[in-house]
Every structure is written in structure tokens, then in C-alpha cells.
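Here's the structure, in C-alpha cells; my notes come after.
No lab work stands behind these numbers, since they all come straight from the coordinates. Since this is a predicted model, take the numbers as computed values, not measurements. A quick note on method: Cβ atoms are made from the backbone with ideal geometry, for glycine too, and the neighbour counts reach across all protein chains shown.
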Amino acid sequence: MKLQLGFYKKFLLFLYIVLVGIDWGTKFIVKNTFFYGESREVVGNFFRLTYVENPYSLFSIKLSDNFPYVWFSIAVIVVVFILFLVEKNKWHNFIYILFLSGATGNLIDRLKYERVVDFFDFGINNRLRWPVFNFADAYITVGMILLAVSIIIDVLKSRKGRSNLSEQEVQEENKEFENA
């Protein structure tokens with residue numbers, strides 16, 4: 001089986017390189033121009049750039065003391081890349097590229113620094129702040145939101161399609177489901 005990548009998938013692979021480059025480049029700039037823990041206001045206290053390093057997962061969520069973050073990231077990248085290669089839905093492929101870009105960006109940090117460089121810092125005061133994050137985290141988060149929206153749209157389309165079925169077709173479909 002020969003795999004052919006169309007223009008759109010090639011474009012998405014180019015986008016992947018650009019997104020990883022943006023993530024890596026901004027982390028490099030922050031790491032080399034800020035002192036660890038330094039915070040600079042961008043929009044008052046609401047939005048700051050604060051250099052921290054995160055040894056855990058997305059938004060500093062600790063999965064366990066010995067969680068294999070590097071190996072998990074590699075596994076996610078491999079699985080999502082395979083999904084990207086076989087997926088026909090353009091919207092899903094875009095979502096996969098966001099996941100791949102985020103996972104790759106944070107994996108580069110883990111391999112290079114054993115931690116992930118974070119710097120976007122949003123909040124109202126020093127107590128009500130979102131966990132500091134980076135572009136890679138944002139790519140993953142946006143991808144998750146788009147995936148949720150995609151699933152909701154698919155469910156609504158499926159329900160609309162089912163509502164157009166006759167009562168007999170619905171009963172036959174239900175029997176097939178019960179027998180499966």
C-alpha cells in the first residue's frame with residue numbers, strides 16, 4: 001500500500017513545522033532573556049510573561065511521581081501521526097496537527113531540559129491565576145476544544161439523520177445494535 005499525501009496534508013505538515021518552530025522559538029527567547037521566575041507585565045497584572053519550568057504535564061498537572069512523560073509523549077505523537085495519515089476528514093487532520101505540534105513542542109523541552117518551559121501567565125491577581133502555559137499547551141487545548149465541537153456536531157448530525165428515518169427503520173437499527 002503506497003501512501004499518497006495530497007496538497008492539504010502537505011500544507012498541514014508545513015503548518016506543523018511552523019507551529020513547532022513558534023513554540024520552540026518563543027521558549028528559546030524566554031529562556032535566554034528572562035531570569036527563572038521573572039515576570040513582565042504585558043497587559044497590567046492580567047497578562048504577564050513569567051518564565052517557569054514545568055516538570056509535569058499540561059498546565060502543571062502531576063500524573064504521578066514516576067510517570068514516563070517522555071515515553072508517553074512519544075507514544076501520543078506516533079498514534080496521532082498514524083491517525084493523521086489515515087484520516088480523510090480535513091477538520092480532524094487539522095486537529096491532529098494541533099495535537100502533534102503541542103506534543104512535539106513539549107517533547108523537545110523534555111528531551112533538552114527535562115522540563116517544559118512555560119511563560120504565558122493570565123489572571124486577576126496573584127491568587128486567581130491560570131497555570132502558566134506555552135504555545136504547545138495552547139495548541140493542545142485548542143485541539144481538544146475543536147475535537148469536542150466536532151464530536152457535538154457529529155452527534156447532532158447523526159440525531160438529525162435519525163429523525164428523518166421511518167419508525168420501522170429506527171426499530172430495525174435498534175435491533176441491529178442490540179444484536180451486535
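Can you pull the one-decimal nm distance between simple spin-label points at residue 61 and residue 13, each 7 Å off the Cα toward Cβ?
3.1 nm
How would you order 96-103, 68-75, 123-130 from highest to lowest mean count of nearby Cβ atoms within 10 Å?
Highest to lowest by the protection proxy: 96-103, 68-75, 123-130.
With N residues in segment 7-179, what two-decimal value do you get for its Cα radius of gyration over 2.2 N^0.38 Å?
Taking the Cα Rg and dividing by 2.2 N^0.38 Å, one obtains 1.32.
Hey, for a label at residue 89 modelled as a point 7 Å past Cα toward Cβ, could you say which residues of segment 111-150 have their backbone N under 11 Å away?
From segment 111-150, the list is 147-150.
Quick check: residue separation of residue 113 and residue 38 times 0.36 nm, minus the Cα distance between them. What number comes out in nm?
Result: 25.2 nm gained on full extension.
Provide the packing ranking of 134-144, 77-87, 34-44, 111-121, i.e. peptides ordered by the mean count of other C-beta atoms within 10 Å per residue, highest first.
134-144, 111-121, 77-87, 34-44
With Cβ to Cβ distances under 15 Å as the rule, what net charge do the other residues near residue 141 carry (K, R +1; D, E -1)?
Once positives and negatives cancel, what remains is -3.
Under unit Cβ charges (Lys, Arg +1; Asp, Glu -1), what dipole magnitude, rounded to 20 debye, does the chain have relative to its Cα centre?
520 debye
What net charge do the residues around residue 40 carry, taking every other residue with its C-beta under 11 Å from that of residue 40, with Lys and Arg at +1 and Asp and Glu at -1?
Taking every other residue near residue 40 into account, the sum is -2.
For segment 7-179, what's the relative contact order in percent, using C-alpha pairs closer than 8 Å and at least 6 residues apart?
26 percent
Which of the helices in the chain meet the span-like rule: DSSP H, Cα axial reach of 15 Å or more, Kyte-Doolittle mean at least -0.5?
7-33, 69-86, 90-113, 135-163
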